[in-house]
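The values are calculated or read from the model by the stated rules, or taken from the named source; none is laboratory data. Keep in mind that this is a model prediction, so the values were computed, not measured. Backbone-built Cβ (ideal geometry, glycine too); neighbour counts: all protein chains shown. Remember, those area values only see protein heavy atoms, side chains included, never the ligands or the DNA or RNA. Shrake-Rupley method; radii C 1.70, N 1.55, O 1.52, S 1.80 Å.
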Amino acid sequence: MAGDPYGRYAPFIRDYIYAKGWRELHGIQGEACSAIMDTGDHVLLASGTASGKTEAAFFPILTLLERDMPVSIGALYIGPLKALINDQWGRMREMLEGSPIGVRHWHGDVGAGEKRGAALYPSGVLQITPESLEALLILRSGEVERMFCDLRFVVIDEVHAFMGGDRGGQVLCQIGRIQAMAGCVPRRVGLSATLGDYGAAGEWLAGGTGVPVTAVSGGEAGRKVRIAVESFDEVGDVCYGYIYGLSRGKGCVVFTNRRADAERAVSGLRKAAVAGGGRDVFRIHHGSLSAAIRADAEDSLRDGGGEAVAVATVTLELGIDIGRLDRIFQIGAPPSCSSFVQRLGRSGRRSGVSEMVFCCGGDDGAYGDDPPTGADGPWDARARPGSPGSLPWGLLQTIAVIELYAKDRYIEPPQRKPLPYSLLYHQTMSCLASCEGMGVRRLLGTVMGLAPFRGLDEADFWELLRHLIKTGHVHEVDGGELVVGDAGSRLAYGHRFYAVFKDEDRYAVISGETEVGSVSTMPYVGAVIFLAGRPWRIVSVDPARKAVHVVEGEGEGRFFWTGGMGDVDDRVMAKARVVLLSDERYPYLMPGAKRRLEEARVAAAEMGLGGGGIVRGDDGTAYLLPWKGGKVMRGLERLLGIGLRERLGVGRVMGYRPYYLHVSSRHGYDGFLGRLRDAGARAAASATLLREGESPVEDRYDEYLPEAMRARAYVRNRLAGGAELAEAVEGMLRGRP
């Protein structure tokens, strides 16, 4: 390796490597050493799971800090999860033994004493979540300069989890505010296992600083991949028995896309184990479980002696150390190529072969959460034989994701919000909450100078500020200084304000003195809920304290959660169409999946899907298949249900996103099709997509925005533009007589 990285590291780093018994450094570690120690660039490290990215970043960073000890915190590590922070904190403490450099962690579960110590004696490395960093900037603003005046590096872990969303924008705002408050100019180091477009990731990491970004990729050398896809009539006992048989004696994670699916799966696997005379080695891990239950699942994988299975959602997708797993399972279609790669990479550290088994059911696609546009009652057409609803959408999406990554190495690019108004509100209030008062011009310069807002018009800020003063969120005192108003104080000084992602109401579920987890809607006394893999009967509820008291119950139980999945990418849907209409064979399909795909291809030919994207329903309705992702599908739902509704005589529009729309019209199928053709692309491109006075609340702080700003944000951030919708309409009409 260029420059002998091992010889360049500090002595305590070399001692650590020797104690670990490493015979060589990974390729990314050598390249990262040069990028960090020999340049002044920001650095992007992209390499597979368990490829040594953390060491690649911190070996040279810690070496540089030891050579010239900073007088404040020298390196700030920002991670997306408390569990990941805890994991990295333990690894970092071991790495720093025998070193003058210390490491502290800071999040909601860390005691006040450690936080006070980090603030009073700032040094070394601080590991923190974005939410805790926001709290620090608001509540300890007077200590920020002393804590970060000599900050040299900001390390952002799992950058793909931040890019494109408000939480990533919040991180960029926080770095910018620290630089302004403390007078430091730290270099940025981003870590990720799943990046497709290094240019876009580098642009995000730089955040308009003008500093070049050096990208270092470690690749996937030395690791083979083994994949299998099976299809079942439904995700039920047969599916769980199949997974149980393939997981016996192994360390595995079974991923699902929803919390309710994870709860069903762990229960089903336990039943399969009883039927098969096996042990209960099953744990569960998702965001609505207590920290103790999640930790138990993580520990079981690390210490399971080769036989441990955890059923999990995205909470085990990121870089928490969960040991040397043998096999990964995915129930339902993977939500994205990025998620597929991240989950696949969790296995294979022991054998050098990453194994992943996909289990697709009859109805396991990623349907959206929004209410159907114009619907006036139940109208479920998914099960109609011979209709697009009978196609195995989850299987098609699964194959599409695998093919896109395996052959094209495609990973979805981040979807930047053109109008991040919710974040603009949050950071405006946060800046005011962190000081005793701020002049209008200073506030304007501070907020609009932050990276996520540099593309906005200054008029947006003035429109928001006038509204905040009018609604009491901001108060103008004598002399023109702005402070947080009475209405804003109730929000900005509460602990929930530190987060920018949209969260749910949380009702703690308590058994005796132990918290089991939480639900997002208040259940009623006597109800049986399913949580942590078992049923619980509600014995009392305390709305004031948002507490639900339970005892162990019997029966299937209900799930009291809201929420769903994110958008599917346009290229995934385009590839799904190719999978359906081609005659290509895929060697990783198991017998059930092969048969189901062959049947689907015959059905598609009978429906005429090769000639266009509109299918006649047997009841005179129309099925529309644009083969596009979420933004286009939402736009088409609104185009048909609002913009062109009267012209086309539309009665109902049901969107089974991202797969197809089901439309009824008073003119029948032929009349609807003729009018859609006559309306054409021109009408689609210019039609309104919001009802009169409609101003949807989508993001965390949208409700505090002026209605006009909220409406603009929804249209720009959530819906495809007129040109894209016109193209989608033309594409569906193509080939229709």
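Being aliphatic (A, V, I, L, M), surrounded by 19 or more Cβ atoms within 10 Å (Cβ to Cβ), in contact with a helix residue (DSSP H, G or I) (Cβ under 7 Å, 6 or more places away or on another chain) and within 30 Å of C149 (Cβ to Cβ) is the filter here, so list the residues in region 180-237 that pass it.
M181, A182, V189, L191, A201, L205, V213, A215, V216
Among the residues of region 137-179, count how many are open to solvent by 30 Å² or more (accessible area, probe 1.4 Å), modelled with pLDDT of 95 or more and closer than 16 Å to A200 by Cβ.
Adding up the residues that qualify gives 0.
Could you count how many residues in region 544-586 are among the acidic types (D, E) and under 21 Å from L391 (Cα atoms)?
5
Without any contact (Cβ under 8 Å) to a residue 40 or more places away in the chain, in contact with a Gly (Cβ under 8 Å, 6 or more places away or on another chain), surrounded by 15 or more Cβ atoms within 10 Å (Cβ to Cβ) and not hydrophobic (A, V, I, L, M, F, W, C): is that true of S34 in this structure?
Against the criterion (without any contact (Cβ under 8 Å) to a residue 40 or more places away in the chain, in contact with a Gly (Cβ under 8 Å, 6 or more places away or on another chain), surrounded by 15 or more Cβ atoms within 10 Å (Cβ to Cβ) and not hydrophobic (A, V, I, L, M, F, W, C)), S34 qualifies.
Among the aromatic types (F, W, Y), crowded, with 16+ Cβ neighbours inside 10 Å, assigned to a strand (DSSP E or B) and in contact (Cβ under 8 Å) with a residue 60 or more places away in the chain - does that describe any residue in region 507-528?
Within region 507-528, not a single residue is among the aromatic types (F, W, Y), crowded, with 16+ Cβ neighbours inside 10 Å, assigned to a strand (DSSP E or B) and in contact (Cβ under 8 Å) with a residue 60 or more places away in the chain.
Residues of region 713-737 being within 29 Å of L468 (Cβ to Cβ) and either assigned to a helix (DSSP H, G or I) or of a type in the set (K, R) (or both), which ones?
A713, Y714, V715, R716, N717, R718
Of the conditions (1) touching a Phe, Trp or Tyr at 6+ places or on another chain (Cβ under 9 Å); (2) crowded, with 24+ Cβ neighbours inside 10 Å; (3) among the small types (G, A, S), G617 satisfies every one except a single condition; which number is it?
Exception for G617: condition (2).
Inspect region 567-581 for any residue being farther than 30 Å from V229 by Cα, part of a loop (DSSP other than H, G, I, E, B) and either among the hydrophobic types (A, V, I, L, M, F, W, C) or within 30 Å of the chain's Cα centre (by Cα) (or both) and give the result as yes or no.
No, there is no match, as no residue in region 567-581 is farther than 30 Å from V229 by Cα, part of a loop (DSSP other than H, G, I, E, B) and either among the hydrophobic types (A, V, I, L, M, F, W, C) or within 30 Å of the chain's Cα centre (by Cα) (or both).
With region 395-489 as the region, which helices (runs of 4 or more DSSP H) entirely inside it contain at least 2 residues that are modelled with pLDDT of 95 or more and open to solvent by 10 Å² or more (accessible area, probe 1.4 Å)?
440-448, 458-470
Give me a count of the residues in region 155-211 that are farther than 23 Å from L318 by Cα and touching a His at 6+ places or on another chain (Cβ under 7 Å).
Qualifying residue count for the region: 2.
Output the qualifying pairs, or none if there are none: Cβ atoms under 6 angstrom, residues six or more apart or on different chains, first residue in region 569-592 and over 14 Å from P658 (Cβ atoms), second residue loosely packed, with under 15 Cβ neighbours inside 10 Å and not polar (S, T, N, Q).
Close Cβ pairs satisfying both conditions: L581/G610.
What residue, among those in region 624-661 that are hydroxyl-bearing (S, T, Y) and surrounded by 24 or more Cβ atoms within 10 Å (Cβ to Cβ), is nearest to L673 (Cα to Cα)?
Applying the filter and picking the extreme gives Y660.
Take the conditions free of Cβ contacts under 8 Å to residues at least 12 places away in the same chain and of a type outside the set (D, E, K, R) and apply them to G722. Does it pass?
Against the criterion (free of Cβ contacts under 8 Å to residues at least 12 places away in the same chain and of a type outside the set (D, E, K, R)), G722 does not qualify.
How many residues does region 84-127 hold that are touching a residue at least 24 places away in the same chain (Cβ under 8 Å) and open to solvent by less than 30 Å² (accessible area, probe 1.4 Å)?
Qualifying residue count, region 84-127: 19.
Out of region 252-290, which residues are of a type in the set (S, T, N, Q) and either at pLDDT below 95 or open to solvent by 10 Å² or more (accessible area, probe 1.4 Å) (or both)?
Answer for region 252-290, where residues must be of a type in the set (S, T, N, Q) and either at pLDDT below 95 or open to solvent by 10 Å² or more (accessible area, probe 1.4 Å) (or both): N257, S267, S288, S290.
Please verify whether region 560-580 includes one or more residues that are open to solvent by 60 Å² or more (accessible area, probe 1.4 Å) and farther than 30 Å from K417 by Cα.
No: region 560-580 contains no residue that is open to solvent by 60 Å² or more (accessible area, probe 1.4 Å) and farther than 30 Å from K417 by Cα.
Considering region 313-340 alone, what residues qualify as being outside any loop (DSSP other than H, G, I, E, B), at pLDDT below 95 and aliphatic (A, V, I, L, M)?
V314, L316, L325, listed by residue number.
Among R638, R657, which is more than 23 Å from L396 (Cα to Cα) and under 28 Å from the mean Cα position of the chain (by Cα)?
Unique residue meeting the criteria: R638.
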